[in-house]
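Okay, so here's the structure we're looking at.
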């Protein structure tokens, strides 16, 4: 009987493989591997939109065929990874506008005017006034057109997901047939702008795309790129400019909606982008004249959702003089392509927005450029560029002047004395008739610390007017003596400074004035402007300057360029740079403020800056967050908030729980209180005192004897920035 073998599946596979190997070997194989197959398509790395923590959007193409607009765009995260999964059901919106050449035709009463190119949206609605606030003046409710966007979720098949992080959207609006509520005529030769806004729970992104449909070109076409948002960030924090619930971020998107035909129905005011921005920034200085020729306030107002009034009369534009258009309209390297457009006199809108339709008692017009133009200005006046330049020229001339300090020493009564000359741009001494004799020179020492203790040498005793000294007509030199100031007993080796707050006199520009120039102070209608000159610093020897001494420098705290970038030529007073701390020392006296707990507030530089309303709008005023207090580096240098650098500094505060009674506070604790005093909790006080801080000093000496602060052990600059949300 034949014996049978049973093979399981694994055994059969192994046997088969062995037989196959023998067969191949028997065929004379050379043992080499076969050729590689053709490369496959690379795998696509993507992330779903619901998992994205960062988001970028970019248009890649756009076209218009028979009025139907189609755009392609991509979504990526910050690492460039494609973001997929977007559907119409997300908060996704699109706008479409045309850059139209606007020309007013000549009439019997007007020569007409070329306004240049203006954006006009194809999507518009009529808004009726609702929720009009009561008891508010200068509101003129009326039906208004408003530019709009279309919502992707209103169309089932307009959005196509290409599966690779790119999407195609076909607009619901046909731009070839726009007749209601406004007629907008499509021209394929004109520049078109598509806009996108996408808002997720914690993210928002905008994008725009400009192109010329007739050629498909995106460069070398008509444009209107006037201002960069980076110019806005000179003063504004980025978060403060996220409008309409945080969904609208980019200027280009703003321009496409805030068009010349758009208005606010509750106030009746224009919300054209040019008009709105200029009117807002004119703030509390915007005025007009009534029928009797009286100047009256005319602040820009609009009404938001549910009747919320936005009164921009509460805004103070920090830039002085406000006529310096170049603050926002920045030209030069990396400037927008049309940055110089503001000099080409194409917009009555900007004029009216700042100055109103009646900018003087004897002047009323909405056609400013018919007179204020460079080619044929009305007799006695000038172009807008000249008139704004007249305001600025005095500041420019004063910047070119200088103040020279010499012959520093002591008089017979041991009082500090020195000589001063005011110099013109060529270094020649200027006659006293052109310099305000009431302006002062200021002396300080211990500048590497915090200037003289206020009780030892108050600011008022450390300054002297030109009129209080003698003047040499031949050399145009003043000799000044600080009769109310006593030299410190330990003066030798200290670094001193002599700081100018001198002012030169200039004529005002305006009607019939050909040029602005240095003018005798005794003339009618002159104005004074501070001469810009760095403080003269030196080391004191036995009886005068020690030329061999090394001038000490103050620790870095603020970046003066940041202050001047927002504030311009003048901040508050004594505007020769940013030297506020020379007067507003940490221990300067208190002043009355009944709105503050306790009724007394410090006058130190730190307190005044941190509590300044313009820096405090996150919590007060309009709540715009123009400068967020918690963003320390808006004003400070990189290490300007480092603690523990001046243990001898002492602050004077008012007790918020005891009628503002004077209390003295230690160095680092006082810096914190300049923001946090009225919010300080018992636990916060305990934390400060446990770590060596003094909050209840009876005098400066008491604080110096008891303070032993260790704040900087934990609170490094990096940690402080983190806890303040930077």
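Among the residues of this structure, residue 432 does not count as one that is under 17 Å from residue 576 (Cα atoms), in the same structural domain as residue 532 (by TED's automatic domain parsing) and surrounded by fewer than 20 Cβ atoms within 10 Å (Cβ to Cβ). Please verify whether segment 262-272 includes one or more residues that are more than 21 Å from residue 356 (Cβ to Cβ), in contact (Cβ under 8 Å) with a residue 60 or more places away in the chain and surrounded by 19 or more Cβ atoms within 10 Å (Cβ to Cβ). Checked segment 262-272: no residue is more than 21 Å from residue 356 (Cβ to Cβ), in contact (Cβ under 8 Å) with a residue 60 or more places away in the chain and surrounded by 19 or more Cβ atoms within 10 Å (Cβ to Cβ). Does segment 308-335 hold any residues that are part of a loop (DSSP other than H, G, I, E, B) and within 27 Å of residue 264 (Cβ to Cβ), and which are they? Residues satisfying the conditions are 308, 315, 316, 317, 318, 319, 322, 323, 328, 329.
The residue list 143, 152, 97 contains one member that is over 27 Å from residue 370 (Cβ atoms), surrounded by 15 or more Cβ atoms within 10 Å (Cβ to Cβ), over 33 Å from the mean Cα position of the chain (by Cα) and in contact (Cβ under 8 Å) with a residue 40 or more places away in the chain, which is 152. Of all residues in segment 371-407, those satisfying the criterion of being over 33 Å from the mean Cα position of the chain (by Cα), surrounded by fewer than 19 Cβ atoms within 10 Å (Cβ to Cβ) and not in a loop (DSSP other than H, G, I, E, B) are 404, 406, 407. Consider segment 100-130 and keep the residues that are assigned to a loop (DSSP other than H, G, I, E, B) and within 32 Å of the chain's Cα centre (by Cα). The one that is surrounded by the fewest Cβ atoms within 10 Å (Cβ to Cβ) is 123.
All conditions in (1) surrounded by 15 or more Cβ atoms within 10 Å (Cβ to Cβ); (2) over 30 Å from residue 615 (Cβ atoms); (3) at pLDDT 95 or above hold for residue 217, with the sole exception of (1). Only one of the numbered conditions (1) surrounded by 10 or more Cβ atoms within 10 Å (Cβ to Cβ); (2) at pLDDT below 60 is violated by residue 58, and that is (2).
Got a sec? Which helices (runs of 4 or more DSSP H) wholly within segment 666-725 have at least 2 residues that are more than 25 Å from residue 603 (Cα to Cα) and out of contact with any helix residue (DSSP H, G or I) (no Cβ under 6 Å at 6 or more places or on another chain)?
Counting at least 2 such residues, we get 682-690, 717-723.
The values are calculated or read from the model by the stated rules, or taken from the named source; none is laboratory data. Note that the structure is a prediction, hence the values are computed from the model and not measured. Here the Cβ is made from the backbone with ideal geometry for all residues, glycine too, and neighbour counts use every protein chain on show.
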